[in-house]
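Just below is one structure, and these are the notes that go with it.
The values are calculated or read from the model by the stated rules, or taken from the named source; none is laboratory data. This structure is a prediction, so every number in the text was calculated from the model and none was measured. When we count neighbours, we look across all protein chains shown, and the Cβ atoms used for this are built from the backbone with ideal geometry, even at glycine.
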There are 2 protein chains.
Amino acid sequence: MIAEASTHAPLSVDKKAADDVGTLSTKVSPVEKCREFLLTKGLRMTRERSILTEEIFADHEHFDAEQLIQRLAQRTDGKRVSRSTIYRILPLLEEAGMLRKVARQDGRDVYEHDYGYPRHDHMICRKCNRLVEFKNTRVRELVEEIASEHGFRTEAHRLEVYGLCRTCSRPPESRHKKLNLL
Amino acid sequence: MIAEASTHAPLSVDKKAADDVGTLSTKVSPVEKCREFLLTKGLRMTRERSILTEEIFADHEHFDAEQLIQRLAQRTDGKRVSRSTIYRILPLLEEAGMLRKVARQDGRDVYEHDYGYPRHDHMICRKCNRLVEFKNTRVRELVEEIASEHGFRTEAHRLEVYGLCRTCSRPPESRHKKLNLL
DNA sequence: CTAAGTGCAAATGTTTTGCAGAATC
DNA sequence: GATTCTGCAAAACATTTGCACTTAG
């Protein structure tokens, strides 16, 4: 099941091209942060929630539910977390401000960390599918400014820039060859 | 578990609060534009494609597939278009550059016109779910500027601002009346 | 004519849910 | 100890697809 033959260069994040994204201000571990949130809601920190949170924050890659299910729902050791539980915890982590949906690819919601990783926006190359992260304070400022003009109280924003990355927009180059661009 | 009591006021677009969004530069009718596209692909302009295109471009509201199905799949006059056909045509209109997905709400893809309507961005109220459109030239300028710093060639962008709209951020307020908000 | 398009019903794939037993506070 | 959680299997949904029949070009 889950056909999945897509050619999507899936979710690759171009860290090299990113600006000042990468500085990490660790205060509390993700699991701790999650526990705090759960407390405020009168909910409980369970083994499953802890396992899933650790798995998710083990790296900074983007991911979707299916990937977590692949990794966690078939373990035989004590670290198994079922499909339903995974689907139930993800919205909690979102509500906790630790995750956010950034896209939908192949019929699935794609998440990224919203905790322990600096705020940033994305440039997406329509050719190589590369996701370039960038950080620019003026974006936030402008958003803030526009919002206030509309009496809107900003909590977050998402800016995605679509186009061609440096590599893909560079014509076959040098020569007199016909550039088959576009 | 996972509360989820969302009050989704679905897809309402607050035109009043919108800025200069509204100027319309009509060149060719949507149906014509669509026909042109179909021609280039060796495809045919059918009654169903024409009906659907007209229905979609009759107003500038955002919509999802289900809404079109509601309106078109149960007609008894000659204007019926089936569910499958609707789902088959939507991607065509996207490819034609006439529509684009702008969000996902309640598990459905939300579309908006990408033809005959000026470019704009969105503010989305997390409480009443209202979609406020706004247009601000500085957004495009800033995007352009940032992109070029990264050697990125911009083709389009999407900016969504999340937060609370004027109404929802106003505290229960003044009166003792229960405002059944909205 | 003949390739492309449509409607229907059935299939797919993701996400949600009711329940009974298990675990946290 | 009561409430919240988990896993399971089944359900709910949105979207897609196979097929026989229509239709545009």
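Some notes on this structure:
- Residue in segment A:37-90 that is nearest to DNA strand D (Cβ to nearest atom), counting only those that are in a helix (DSSP H, G or I), in contact (Cβ under 8 Å) with a residue 40 or more places away in the chain and of a type in the set (Asp, Glu): A:Glu48
- Residue match in segment B:95-107 (condition: outside any strand (DSSP E or B) and within 26 Å of B:Leu164 (Cα to Cα)): yes
- Selection count where residues are at pLDDT 85 or above and surrounded by fewer than 16 Cβ atoms within 10 Å (Cβ to Cβ), scope segment A:110-137: 1
- Filtered residue count, segment B:66-91, keeping only those that are more than 14 Å from every other protein chain (Cβ to nearest Cβ) and more than 9 Å from DNA strand C (Cβ to nearest atom): 13
- Only listed residue being closer than 28 Å to A:Arg140 by Cβ, touching a residue at least 40 places away in the same chain (Cβ under 8 Å), within 16 Å of DNA strand C (Cβ to nearest atom) and in contact with an Asp or Glu (Cβ under 9 Å, 6 or more places away or on another chain), chosen from B:Val102, B:Val110: B:Val110
- Only one of B:Ala58, B:Ala156, B:Ala96 that is surrounded by fewer than 17 Cβ atoms within 10 Å (Cβ to Cβ), of a type in the set (Gly, Ala, Ser) and either at pLDDT 95 or above or in contact with a Pro (Cβ under 6 Å, 6 or more places away or on another chain) (or both): B:Ala58
- Check on B:Arg153, within 15 Å of the chain's Cα centre (by Cα) and not assigned by the TED database to the domain that holds B:Glu32: no
- Boolean, B:Thr167 is touching a Gly at 6+ places or on another chain (Cβ under 9 Å) and free of Cβ contacts under 8 Å to residues at least 60 places away in the same chain: yes
- Counting only residues that are out of contact with any helix residue (DSSP H, G or I) (no Cβ under 9 Å at 6 or more places or on another chain) and not in a loop (DSSP other than H, G, I, E, B), segment B:133-168 holds 17 of them.
- Inter-residue pairs, beta-carbon under 7 Å, first within 20 Å of B:Cys165 (Cβ to Cβ) and facing another protein chain (nearest Cβ under 9 Å) and in segment A:123-146, second part of a helix (DSSP H, G or I) and among the charged types (D, E, K, R), 6+ apart: A:Leu142/B:Arg138
- Of everything in segment B:27-55 that is surrounded by fewer than 17 Cβ atoms within 10 Å (Cβ to Cβ) and under 19 Å from the mean Cα position of the chain (by Cα), the residue that is farthest from B:Gly97 (Cα to Cα) is B:Glu54.
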